[in-house]
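One structure is given here, and the rest of the page talks about it.
The values are calculated or read from the model by the stated rules, or taken from the named source; none is laboratory data. Since this is a predicted model, take the numbers as computed values, not measurements. Cβ atoms come from the backbone with ideal geometry, glycine included; neighbour counts cover every protein chain shown. Accessible surface is based on the protein model in full, side chains and every heavy atom, while ligands, DNA and RNA are left aside. Shrake-Rupley method; radii C 1.70, N 1.55, O 1.52, S 1.80 Å.
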Amino acid sequence: MSPDVVAILETAVLDRLRQAPARPLVLGLCGAQGSGKSTASAVLAERLTARSLTAVTLSLDDLYLTREERMQLADSVHPLLATRGVPGTHDVALGHAVLDALSDGGPTALPRFDKARDTRVERSSWERVEGRVDVVIFEGWCIGAMPETVTELATPVNALERGADADGRWRRWVNARLASDYQRLFRRIDLLALLAAPSFAVVAGWRTQQEHDLRARTGDGMDDATVATFVQHYQRLTEHILREMPGRADLLVQLDTARAPLSSLARVA
């Protein structure tokens with residue numbers, strides 16, 4: 001992740017903080033898989049801490065439903081919901097509870113999800129935050145996303161949808177969750193920033209490279225064919241975000257293929 005991206009985010013956060021909000025500032029950081037949002041969030045939190053501000057990160061990934069809960073959805077709604085990622089596979093109520101606790105300024109436990117075990121970490125192991133928080137960095141691949149229209153949902157966008165969701169039941173259910181539960185959660189965002197990838201094809205390449213790096217470090221990870229199928233779960237909404245969000249995000253950072261900023265546009269008062 002380019003340090004320039006973090007500097008752009010830092011400037012936007014500091015500008016908004018000068019308005020002295022009565023509660024913690026919630027930065028919603030949206031970025032496709034592999035865009036560097038998790039790294040940027042961690043570095044931004046460090047920089048804000050160096051300015052004597054209290055900043056915590058909350059990842060949408062850490063709100064995933066447990067594997068058992070997703071298996072229940074797979075049985076009762078659609079088999080594709082066994083795979084974590086899309087709206088409907090997160091515990092939105094938990095997200096509200098965490099933000100409520102951080103706003104109240106009391107002790108807050110930050111949830112964590114173990115992707116290796118595909119389930120949530122035991123609550124006793126969650127990070128605890130004490131006292132007032134100045135900034136909450138709420139990051140995730142579909143943070144702030146808006147639902148699609150019925151017309152947009154009609155046509156499959158890839159082989160996964162054509163084969164496993166030919167009748168559109170999965171994508172309509174996911175879209176309905178995004179239109180309801182998730183919008184209430186996203187309305188808590190004060191500053192929405194988008195790290196915009198050049199295209200979904202680039203995103204798929206970034207995700208594949210992540211798995212290559214993981215296999216090189218640990219000997220574990222998905223092969224290229226598995227990654228290609230996995231990212232198709234994310235394709236529809238990723239492409240929708242890249243079309244729709246740039247026109248309304250408070251901060252737009254256009255990335256190149258190396259994740260460096262090509263340009264930025266701030267709509268921050």
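Entry remark, region 246-269: residues being closer than 12 Å to Leu194 by Cα, in a loop (DSSP other than H, G, I, E, B) and of a type in the set (A, V, I, L, M) number 1 in total. The set of residues from region 45-65 being in a loop (DSSP other than H, G, I, E, B) and open to solvent by less than 30 Å² (accessible area, probe 1.4 Å) comprises just one member, Leu65.
For a quick check of your reading: which helices (runs of 4 or more DSSP H) sit entirely within region 104-199 and have at least 2 residues that are open to solvent by 20 Å² or more (accessible area, probe 1.4 Å) and in contact with a Gly (Cβ under 8 Å, 6 or more places away or on another chain)?
Working: elements: 150-154, 159-164, 169-177, 183-186.
Filter on region 104-199 gives 169-177.
Mind checking which residues of region 148-195 are free of Cβ contacts under 8 Å to residues at least 60 places away in the same chain, of a type in the set (A, V, I, L, M, F, W, C) and under 15 Å from Glu244 (Cα atoms)? Passing the criteria: Leu153, Ala179.
Restricting attention to region 42-69, the residues that are in contact (Cβ under 8 Å) with a residue 60 or more places away in the chain and touching a Leu at 6+ places or on another chain (Cβ under 6 Å) add up to 2.
In region 228-245, what count of residues is obtained for those that are closer than 12 Å to Leu194 by Cβ and touching a residue at least 60 places away in the same chain (Cβ under 8 Å)?
Residues of region 228-245 that are closer than 12 Å to Leu194 by Cβ, as a first pass: 238, 241-245.
With the extra rule that they be touching a residue at least 60 places away in the same chain (Cβ under 8 Å), the set shrinks to 238, 241-242, 244-245.
So the count comes out to 5.
When residues in region 204-227 are screened for being over 16 Å from Thr257 (Cβ atoms) and either basic (Lys, Arg) or open to solvent by less than 50 Å² (accessible area, probe 1.4 Å) (or both), 6 of them pass. If only residues of region 192-204 that are touching a Ser or Thr at 6+ places or on another chain (Cβ under 8 Å) and not aliphatic (A, V, I, L, M) are counted, the one that is farthest from Arg236 (Cα to Cα) is Pro198. Determine if region 223-230 includes at least one residue that is part of a loop (DSSP other than H, G, I, E, B) and modelled with pLDDT of 85 or more. No: zero hits. Could you say whether any residue in region 67-80 is under 21 Å from Ala159 (Cα atoms), among the β-branched types (Val, Ile, Thr) and either over 17 Å from the mean Cα position of the chain (by Cα) or part of a loop (DSSP other than H, G, I, E, B) (or both)? Yes: one or more hits.
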